[in-house]
Amino acid sequence: MTSETLTPRSGPRPAADHRRTGSSPGTWRTRLRRVRGPLGTALLCLGTVLFVLPFLFTITTSLRTAADVTRSPLGLPHSLTLKNFSDVFGQMHYGPSALNTLLITGLSCVCITVIGALASYPLARLTQNWSAWVYRLFILGTSVPVFVVVAPLYLLMRDLDLLDSYTGLVLIYTALNLPLAVFFYTSFIRSIPVDLEEAAALDGCGALRTFFTIILPLLRPVTSTLLTFISLQIWNDLLVPLVFLQDPAKRTVMVNAYSFIDPHTVQPTTLFPAALLGVLPLLVIFIFLQRQVVAGISAGAVKS
Amino acid sequence: MIHRRRTAMAAFLLPAIAVYGVFMIYPLVRGVYLSLTNSLGGPRADFVGLEQYRAMMDKPQVTAALWHTVLYAIVVVVVQNALGLLFASMLFRRPKVRKVLSVVLLTPTLISPMMAAFIWSYLFAPSGGINALLGVFGLDGLQHVWLGDPSTALYAVAAVNIWMFAGYSCAIFLASYMSMPTELLDAAAVDGATGWRRFRSVEWPLLAPALTVNVTLSLIGSLKVFEFPLVLTNGGPAGSTDTLTLLVYRNVFGGGKFAFGIAVSVLLLATVVVLSSATSSLLRLRERRI
């Protein structure tokens, strides 16, 4: 919207430009400029298509028969078939594992947002020395890789008898993602003026009620942003379920796909449908919540 | 009254501190302690001081993995952000296609790293998509066993990482572009600043905060890369794509060298903390100067 007002590429050139460069407006130059706009757009579109080509290739190949693919790996499908999908669907126990993943992702998201929002309120509003330190301790967690804690976490989970349990996984995901939630919520609450809360306090409104009636409703936009990001992370995660879930019946989509697919005997007609089934729920959500997802992916990062 | 309110507010922190303390801080501290023992994961563990770290330095495997991890991060940070910036600046100048294309560019970000790695393991295969595509264009000479050659494998793995997250970098740059003050850009246009000139002296300084965020995020993300090398090469060929995360995983959950694996994970943490804090403070310093 903003750039429409100042597209210097197309349309008449501002006279100031020629004065500055000191050169006469040669005809080849104007012609070049006239071509450069659409040409750039075409190049940009081409670049984007090249970028998602592997993705399109995955989709078309998974709809072809194995024999057809062997004959011409890059060709277009002669006839479409959903047989690959139905084969893979059964073999990788897709239905149950998708439900498991959904349950784990959902529960973790609820815990992260509720606990994170509760903690961020005092962290944003209390201005003591200790609260600043607690905040710093949380932020520190954003740069700690899972790998650093995975081994001691394994021992802890074993001692607490939480291996092979969804509770264990939800607790781990909550701990791992709380830093991000605290960072998001705290910076957001800091940008809300305190006046409303002070008025509520004068009216005798306690901290808990102030949080639920004033702060929580305001957090809705930032929550949806946070949720798109966190749910992507958890749904797509391989390491945590791979390490902490051994019972095949409890496995997630990613773990099942990982043990099902062997990259060394690459057979695109089983590989690609499995890959697509793994990401299908997210793609469906993405299509419906496109705007929030894009905002979610970009907004949080720029704010800091 | 106000005092009681503050106490009640502080109580809101309790659940977060409990979960974060037990499942993040405690394992972190215990991990550092365990790296100073000879633990095999069982109940027995004797304190051996810096023994594991000395063993680590003696293993060329570890130093090689550290180098691969850092090299991988440098390649990913530079190329991914350059591509993201290129796409963002082109999209910003083309409002008609901006929205659609930026969404399209984000699709690879949505799929899981493991699935992306699976798809690319086929594309990189000797008879896979890339070599077939090169054959179609008559570029048979460029065909290559991408993941099987130690000199290209690490870059091939990095390429998948870049493919997946360049759209993400682009989205962050684009958001920064969209928040640029219109008056400033208009003034630049009136002054006749176009093309490269306008980018260099107007847009680039304004993009400084976005660059800081992008570089820091991609640096931390690429230093802890796991799924891409695991699925695409599993550290091979000849250990040329072995990263610190793969070493941690292999030693802790396969090799029976529990304490050693944890010591490698502490090395990973040190690498992440040192590199990310150095880069982000350098970039912030630069932001202030601009």
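The values are calculated or read from the model by the stated rules, or taken from the named source; none is laboratory data. Just so you know, these numbers come straight off a predicted model, no measurement behind them. All Cβ positions, glycine included, derive from the backbone under ideal geometry; neighbour counts span all protein chains shown. In case anyone asks, the SASA skips ligands and DNA or RNA and just uses the protein heavy atoms, side chains included. Shrake-Rupley method; radii C 1.70, N 1.55, O 1.52, S 1.80 Å.
Quick notes on this structure:
- Any chance A:V110 is within 8 Å of chain B (Cβ to nearest Cβ), surrounded by fewer than 22 Cβ atoms within 10 Å (Cβ to Cβ) and either in a helix (DSSP H, G or I) or charged (D, E, K, R) (or both): no
- Residue ID - nearest to the other protein chains (Cβ to nearest Cβ), chosen from residues in segment A:219-251 that are part of a loop (DSSP other than H, G, I, E, B) and open to solvent by less than 10 Å² (accessible area, probe 1.4 Å): A:L238
- Single condition B:P95 does not satisfy, out of (1) more than 7 Å from chain A (Cβ to nearest Cβ); (2) without any contact (Cβ under 8 Å) to a residue 12 or more places away in the chain: (1)
- Selection from segment B:136-166 of residues that are touching a helix residue (DSSP H, G or I) at 6+ places or on another chain (Cβ under 8 Å) and either loosely packed, with under 15 Cβ neighbours inside 10 Å or of a type in the set (D, E, K, R) (or both): B:D140, B:L142
- Of all residues in segment B:270-290, those satisfying the criterion of being within 11 Å of another protein chain (Cβ to nearest Cβ) and in contact with a Leu (Cβ under 8 Å, 6 or more places away or on another chain) are B:T271, B:V272, B:L275, B:S276.
- Out of B:L268, B:L217, sole residue that is at pLDDT 90 or above and more than 22 Å from B:E287 (Cα to Cα): B:L268
- Look at (1) among the polar types (S, T, N, Q); (2) without any contact (Cβ under 8 Å) to a residue 24 or more places away in the chain; (3) open to solvent by less than 20 Å² (accessible area, probe 1.4 Å) and you find that B:S169 fails only one, number (2).
- Top-ranked residue of segment B:52-105 - restricted to ones that are hydroxyl-bearing (S, T, Y) and buried (at least 16 other Cβ atoms within 10 Å of the Cβ), ranked as nearest to B:S218 (Cα to Cα): B:Y72
- For first residues located in segment A:115-134 and within 7 Å of chain B (Cβ to nearest Cβ) and charged (D, E, K, R), partners that are open to solvent by less than 30 Å² (accessible area, probe 1.4 Å) and assigned to a helix (DSSP H, G or I) and lie 6+ apart or on another chain with Cβ distances below 8 Å form the pairs A:R125/A:I189; A:R125/A:E197; A:R125/B:M9.
- The residues in segment A:135-169 that are buried (at least 21 other Cβ atoms within 10 Å of the Cβ) and more than 10 Å from chain B (Cβ to nearest Cβ) can be counted, and the count is 1.
- Verdict on B:L34 being closer than 26 Å to A:Y185 by Cβ, within 10 Å of chain A (Cβ to nearest Cβ), hydrophobic (A, V, I, L, M, F, W, C) and surrounded by 16 or more Cβ atoms within 10 Å (Cβ to Cβ): no
- Test set (1) in contact with a Gly (Cβ under 7 Å, 6 or more places away or on another chain); (2) more than 7 Å from chain A (Cβ to nearest Cβ) - B:V248 fails condition number: (2)
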